[in-house]
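The values are calculated or read from the model by the stated rules, or taken from the named source; none is laboratory data. Since we're looking at a predicted model, the values are computed, not measured. Cβ coordinates were reconstructed from backbone atoms using ideal geometry, including for glycine residues, and neighbour counts include every protein chain displayed. What goes into the accessible areas is simple: the full protein's heavy atoms, side chains included, and nothing from ligands, DNA or RNA. Shrake-Rupley method; radii C 1.70, N 1.55, O 1.52, S 1.80 Å.
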Amino acid sequence: MSTFSAPRGTYDLLPPDSATYLAVRDALAAPLRRAGYGYAETPGFEHVELFARGVGESTDIVTKEMYTLTTKGGDELALRPEGTASVLRAALQAGLHRSGVPVKLWYSGSYYRYERPQKGRYRHFSQVGAEAVGAEDPALDAELIVLAVDGYRSLGLRGFRLLLNSLGDTVCRPAYRAALQDFLRGLDLDEETRRRVEINPLRVLDDKRASVTERLAAAPLLRDHLCEACKTYHEQVRELLTAAGVAFEDDPRLVRGLDYYTRTTFEFVHDGLGAQSAVGGGGRYDGLSEQLGGPPLPSVGWALGVDRTVLALQAEGVALGLPTATEVFAVPLGEEARRALFEAVTELRRAGVAADFAYGGKGVKAAMKAANRSGARLAVIAGERDLAEGVVQLKDLVSGEQAPVRLGELVAGVRAALA
Ligand code: ATP
Ligand code: MG
């Protein structure tokens, strides 16, 4: 006998754990839906060029982590490694910005990166993301950060921290970039990093290797080079966050792994996760639309990792109060009862009660075991004699109490028993 297993760096979501993932996804999306963000869904693959331009040619994502393929028709495609480039591409393609900005969109789905698999780092993972396209307003940056915090809090997550920085803009970043390059060129760095100094020096600050971070202690910081407009903008974001009761830590070394970020940049980290501590991140990307051939559309967005949020909940020992999958389990005794209870289960479901049925012609013992395993609070049991009297037995599986209920009043009886 041969069996297959999931590819390296991937895992399956199956009951009962899969319910937690769904609940986390829903909880992270709920604040967005209350704030005017509309749902967007884009293809799982795009033209490679979109990510090369939209994520950045020199990023790890593009140079090392993309799953690319050539179709039979000769198209160069890549499985999406992130959501922003796709969502902005879709908004531009549909011209959403022409009917008013900001265009506020949220999304959720699978992303693919060829990474070294470890706890919290997978080759297939899941994100909930949000983008507000076409407006430059510190309140929009603050809104998105507050909505992420509210999502985490609604799950009962406590141990996360918000790191905040500004990456400046086209006015002040060039001079800083040059100053940083001067500093970095004076360091003894490996060849790949030296190349990075020439292409995208800010990203060198993102290097996690101790051998590199040690040498960066005296690196110039963007904080000291921000222009007045960027300073004012950043100060307003900070004030709005404080007013909203959102704590943050200024992190002058925080840069994001992507080329298109400007001004506000942030990351959510969780200290219970070890090396893979980033549970989410985002920022402003005022230059991306033009980079993709669109009009100037200053935008801000974030992506939160669902997998790592689930791990963070586990690390904190938070159990979500998930609704039980099955509230009522039907146990028929005999053929006539099977028909009657099948109908009753359908009626319960249509009335909004989560109900299941002992399929497979089980004996009463196996059927009661299935009822208990389902987690149902109630069992509906019926045999020939019950049906002859026009009743079914409603059994509370917790207390063991049992009482007859008229078949025609089952929905009301179940509702009363569950209340
Ligand atoms: P890291 O520095 O950990 O590689 P990143 O900067 O590449 O993270 P983003 O591109 O900002 O991550 O993606 C947003 C979020 O998606 C991350 O904060 C993380 O929670 C999640 N994420 C990113 N890559 C992975 C992965 N390979 N496996 C699981 N979750 C991931
Ligand atoms: Mg990464």
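With the condition kept exactly as written, say whether any residue in segment 10-31 is of a type in the set (S, T, Y), within 16 Å of ligand 1 (Cβ to nearest atom) and under 25 Å from E136 (Cβ atoms). No; the residues of segment 10-31 include none that is of a type in the set (S, T, Y), within 16 Å of ligand 1 (Cβ to nearest atom) and under 25 Å from E136 (Cβ atoms).
Among the candidates L79, L96, L92, which residue alone is crowded, with 17+ Cβ neighbours inside 10 Å and within 13 Å of ligand 1 (Cβ to nearest atom)? Please lay out each step first, then the result.
Numbers: L96 fails: within 13 Å of ligand 1 (Cβ to nearest atom); L92 fails: within 13 Å of ligand 1 (Cβ to nearest atom).
Of L79, L96, L92, the one residue that is crowded, with 17+ Cβ neighbours inside 10 Å and within 13 Å of ligand 1 (Cβ to nearest atom) is L79.
Would you confirm whether or not segment 144-160 contains a residue that is out of contact with any Asp or Glu (no Cβ under 9 Å at 6 or more places or on another chain) and on the phi > 0 side of the Ramachandran plot? Scanning segment 144-160, I find no residue that is out of contact with any Asp or Glu (no Cβ under 9 Å at 6 or more places or on another chain) and on the phi > 0 side of the Ramachandran plot, so the answer is no.
For V318, the conditions (1) surrounded by fewer than 18 Cβ atoms within 10 Å (Cβ to Cβ); (2) aliphatic (A, V, I, L, M); (3) under 21 Å from S374 (Cβ atoms) are fulfilled apart from (3).
Within segment 104-115, is there a residue that is free of Cβ contacts under 8 Å to residues at least 40 places away in the same chain, more than 16 Å from ligand 1 (Cβ to nearest atom) and touching a His at 6+ places or on another chain (Cβ under 9 Å)? Checked against the condition, which is being free of Cβ contacts under 8 Å to residues at least 40 places away in the same chain, more than 16 Å from ligand 1 (Cβ to nearest atom) and touching a His at 6+ places or on another chain (Cβ under 9 Å), segment 104-115 yields no hits at all. For segment 390-409, a residue qualifies if it is of a type outside the set (A, V, I, L, M, F, W, C) and outside any loop (DSSP other than H, G, I, E, B), and the qualifying residues are Q393, K395, D396, Q402, P404, R406, G408, E409.
Out of E336, E343, I need the residue that is surrounded by 14 or more Cβ atoms within 10 Å (Cβ to Cβ), among the charged types (D, E, K, R) and not assigned by TED's automatic domain parsing to the domain that holds P81. Which one?
Details: E343 fails: surrounded by 14 or more Cβ atoms within 10 Å (Cβ to Cβ).
Answer to the selection: E336.
This table checks each residue for (1) at pLDDT 95 or above; (2) not assigned by TED's automatic domain parsing to the domain that holds G305; (3) not hydrophobic (A, V, I, L, M, F, W, C).
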position: L147; (1), (2), (3): yes, no, no
position: D150; (1), (2), (3): yes, no, yes
position: R177; (1), (2), (3): no, yes, yes
position: T213; (1), (2), (3): no, yes, yes
position: L216; (1), (2), (3): no, yes, no
position: Q236; (1), (2), (3): yes, no, yes
position: E249; (1), (2), (3): yes, no, yes
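The residues of segment 116-145 that are under 26 Å from P296 (Cα atoms) and either modelled with pLDDT under 95 or within 9 Å of ligand 1 (Cβ to nearest atom) (or both) amount to a single one, G129. Scanning segment 386-407 for residues that are under 16 Å from R339 (Cβ atoms), open to solvent by 20 Å² or more (accessible area, probe 1.4 Å) and without any contact (Cβ under 8 Å) to a residue 60 or more places away in the chain turns up D386, L387, A388, G390.
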